[in-house]
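S.K.: This is the structure, below, for whatever I ask next.
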Amino acid sequence: MALSQQSINEFCKNLAAKQPTPGGGASAAMVAAIGAATAAMSAAYTQRKKDEESGAAEHARQLVEKMNMAELEAMADDDEKAYKDLQSTWKKDCTLSKEEIKAIQDRALKVPTVLVEACHKRIVAVNEFLPHCNPNITSDAKVGIHSLAGAARSAYQTVLVNTPPEDEKKRLCSLLLEIGAIEQEMLGLAGMEGSKLTSCGAASIP
């Protein structure tokens, strides 16, 4: 059964088992889907009569479309397939050509890269929605951002395993730094003495 079709309980059991897949990449994708779903829920609660009158409901509907949980869930399946294909290139009796192996390696790098980008795009969208969000549920929208942020950083770890070019590492790090800045602003840490953004968006507080 595809990972995206498994129950949370079944997925977690498979993830905890001593087996190659699902692994960290699939875990990151599912966390991203949960984060997107949490943010979408905050938008669902921003469609009251007063929200229709103020225009906030339209922002909410647009956010729901942008979250696209199914796309993120599918990335868990993509990661599983990419890793299984990569494993096949490590076998002593591998008969694949150098070109075929290179294509598999490129895909193994692309899958987590796309996830980092997808998380960043959704985080920006949720952050822009916050001023329009039902004030009674903004904390859920922010939880969505934090979950997506964790998924983005997790996916970046999978990127690093696949030895990306230096310029690609810098590009992805710039996305993580932007994510980190959004989180710091939400947590009230921006500008706080002793708080700073380090490489790839990690917050450091001595």
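S.K.: Identify, from the list K81, K66, the residue that is within 24 Å of T158 (Cβ to Cβ) and modelled with pLDDT under 95.
M.R.: K81
S.K.: Give me the pairs: first residue in the range 162-178 and free of Cβ contacts under 8 Å to residues at least 12 places away in the same chain and within 16 Å of D106 (Cβ to Cβ), second residue open to solvent by less than 60 Å² (accessible area, probe 1.4 Å) and not hydrophobic (A, V, I, L, M, F, W, C), beta-carbon distance under 8 Å, and six or more apart or on different chains, which are they?
M.R.: Going by the 8 Å Cβ cut-off, there are no qualifying pairs.
Residues are listed down the side, and each one gets a yes or a no for (1) of a type in the set (F, W, Y); (2) within 17 Å of M41 (Cβ to Cβ); (3) surrounded by fewer than 16 Cβ atoms within 10 Å (Cβ to Cβ):
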{"site": "S97", "(1), (2), (3)": "no, no, yes"}
{"site": "Q105", "(1), (2), (3)": "no, no, no"}
{"site": "V111", "(1), (2), (3)": "no, no, no"}
{"site": "V126", "(1), (2), (3)": "no, yes, no"}
{"site": "T158", "(1), (2), (3)": "no, no, no"}
{"site": "K170", "(1), (2), (3)": "no, no, yes"}
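S.K.: Can you tell me which residue in the range 113-122 is farthest from P165 (Cα to Cα), limited to those that are open to solvent by less than 20 Å² (accessible area, probe 1.4 Å) and not hydrophobic (A, V, I, L, M, F, W, C)?
M.R.: Checked the range 113-122; the qualifying residue farthest from P165 (Cα to Cα) is R122.
S.K.: Just to check your reading of the model, which residue among A33, A28, A43 is touching a Cys at 6+ places or on another chain (Cβ under 9 Å) and within 18 Å of S154 (Cα to Cα)?
M.R.: Numbers: A33 fails: touching a Cys at 6+ places or on another chain (Cβ under 9 Å); A43 fails: within 18 Å of S154 (Cα to Cα).
Exactly one residue qualifies, and that residue is A28.
S.K.: Would a scan of the range 78-89 turn up a residue that is closer than 23 Å to G23 by Cα and over 26 Å from the mean Cα position of the chain (by Cα)?
M.R.: Within the range 78-89, one or more residues are closer than 23 Å to G23 by Cα and over 26 Å from the mean Cα position of the chain (by Cα).
S.K.: Something else: So T21 clears everything in (1) part of a helix (DSSP H, G or I); (2) within 19 Å of the chain's Cα centre (by Cα) except one condition, right? Which one?
M.R.: Answer for T21: the failing condition is (1).
S.K.: Among E52, E73, E80, which is the only one that is assigned to a helix (DSSP H, G or I) and without any contact (Cβ under 8 Å) to a residue 60 or more places away in the chain?
M.R.: Values: E73 fails: without any contact (Cβ under 8 Å) to a residue 60 or more places away in the chain; E80 fails: without any contact (Cβ under 8 Å) to a residue 60 or more places away in the chain.
Selected residue: E52, the only one of E52, E73, E80 that is assigned to a helix (DSSP H, G or I) and without any contact (Cβ under 8 Å) to a residue 60 or more places away in the chain.
S.K.: Exactly one of (1) more than 24 Å from Y156 (Cα to Cα); (2) touching a Pro at 6+ places or on another chain (Cβ under 8 Å) is unmet by E52. Its number?
M.R.: Looking at each condition in turn, E52 falls short on (2).
S.K.: Quick check on the range 70-91. Is at least one of its residues farther than 30 Å from I101 by Cα and surrounded by 14 or more Cβ atoms within 10 Å (Cβ to Cβ)?
M.R.: no
S.K.: Does L96 qualify as being more than 20 Å from A125 (Cα to Cα), in a loop (DSSP other than H, G, I, E, B), without any contact (Cβ under 8 Å) to a residue 40 or more places away in the chain and of a type in the set (A, V, I, L, M, F, W, C)?
M.R.: So L96 passes the test.
S.K.: Related question: Considering each of S139, S147 in turn, give the residue that is out of contact with any Cys (no Cβ under 6 Å at 6 or more places or on another chain) and surrounded by 18 or more Cβ atoms within 10 Å (Cβ to Cβ).
M.R.: Criteria check complete, one pass: S147.
S.K.: Out of curiosity, is E185 modelled with pLDDT under 95, out of contact with any Phe, Trp or Tyr (no Cβ under 9 Å at 6 or more places or on another chain) and either part of a helix (DSSP H, G or I) or crowded, with 18+ Cβ neighbours inside 10 Å (or both)?
M.R.: Yes; evaluated as a whole, the condition is true for this residue.
S.K.: Within the range 1-45, restricting attention to residues that are among the β-branched types (V, I, T) and at pLDDT 95 or above, which residue is surrounded by the fewest Cβ atoms within 10 Å (Cβ to Cβ)?
M.R.: Within the range 1-45, the match that is surrounded by the fewest Cβ atoms within 10 Å (Cβ to Cβ) is I34.
The values are calculated or read from the model by the stated rules, or taken from the named source; none is laboratory data. Just so it is clear, the model here is predicted, and its values are computed rather than measured. Note that we place each Cβ from the backbone using ideal geometry, even for glycine, and neighbour counts take in every protein chain shown. Just so you know, the surface numbers come from the protein's heavy atoms only, side chains and all, with ligands and any DNA or RNA stripped out. Shrake-Rupley method; radii C 1.70, N 1.55, O 1.52, S 1.80 Å.
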